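A.B. asks: Next up is a structure, given as structure tokens.
Nothing in this text is a laboratory measurement; each read-out follows from the coordinates by a stated rule. A quick note: this is a predicted structure, and the numbers were derived from the prediction, not measured. Cβ: placed from backbone, ideal geometry, glycine included. Neighbour counts: every protein chain shown.
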Amino acid sequence: MASLRNWATPLTIGAFTISGVTGVLMFFHLDTGLNKVAHEWLSWGLLAGVGLHLTANFRAFKTYFKRPKAMAVVGIAALLLAGSFFSLGGTGNTSPVAAVMQGMGRAPVDRVIALTGEDVDAGLARLGAAGIKATPGQTIGALSGGDRGKQAEILQVIFDPSGTQ
């Protein structure tokens, strides 16, 4: 079992770190690049680490089921998990940051450039210099292909006219 612990604990720690950091970034809508993919797929590593950790420490794990406080925590966690499958109604997304990002995604690129006070042609030229071929009327969402990370990059180019990204 000692060799199993040598793998289970570091795997659990590493996978928890990845899952925790990417989860917090997603919560605040700050995830970019592969954060969401890493969170979703590398969480399997967390499950594997926890499974190995349980296997290596099963006798100690069983004792938790004899402790009322521990069972209360497990019960509350089970209730929270069950509750997460229910909808509270509404749109399901109440974050103002997410609403702004969704609105920007639906907005034509020339209107977004106009928000900066910059000439639209200059903004389009700057996007082109950054490797983003955009035309007036084209939405930010269409430019990004629906990728939130790419959308954030496009908005960074638009809202940072100094080029100091």
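A.B. asks: Within the chain, which DSSP H helices have Cα atoms that stretch 27 Å or more along the helix axis and a mean Kyte-Doolittle hydropathy of at least -1.0?
C.D. replies: Helices passing the filter in the chain: 2-27, 35-56.
A.B. asks: Can I ask one more? When only C-alpha pairs under 8 Å and at least 6 residues apart count, what is the relative contact order of the chain, in percent?
C.D. replies: Relative contact order of the chain: 19 percent.
A.B. asks: Among the lysines, which have Cα under 25 Å from the Cα of Lys150 when same-chain residues fewer than 8 positions away are ignored?
C.D. replies: In chain and number order, the partners are Lys36, Lys133.
A.B. asks: Related question: Work out how much length Leu30 to Ala99 would gain on full extension: take 0.36 nm times their residue separation and subtract the Cα-Cα distance, in nm to one decimal.
C.D. replies: 23.5 nm
A.B. asks: Can you give the calculated 222 nm mean residue ellipticity of the chain, where each DSSP H run of n ≥ 4 adds -39,500 (n - 2.57) and the sum is split over every residue, rounded to the nearest 500 deg cm²/dmol?
C.D. replies: Calculated at 222 nm, the ellipticity per residue is -22000 deg cm²/dmol.
A.B. asks: Compute the separation of the alpha-carbon centres of region 4-36 and region 97-165 and state it in Å as a whole number.
C.D. replies: Cα centres, region 4-36 to region 97-165: 30 Å.
A.B. asks: Residue farthest toward the positive end of the dipole of the chain, with Cβ of Lys/Arg at +1 and Asp/Glu at -1: which of Val97, Val24, Ala78?
C.D. replies: Ala78
A.B. asks: Next up: Which trypsin sites (Lys or Arg not before Pro) does region 97-165 hold that lie in a coil by DSSP with at most 12 other beta carbons within 10 Å?
C.D. replies: Within region 97-165, the qualifying trypsin sites (Lys or Arg not before Pro) (loop, at most 12 other Cβ atoms within 10 Å) are Lys133.
A.B. asks: Go through 67-77, 36-46 and give me the packing order, highest mean Cβ count within 10 Å leading.
C.D. replies: 36-46, 67-77
A.B. asks: Length gain on complete extension for the stretch Phe58 to Trp44, per 0.36 nm per residue less the alpha carbon to alpha carbon distance?
C.D. replies: Stretched out fully, the Phe58 to Trp44 stretch lengthens by 3.0 nm.
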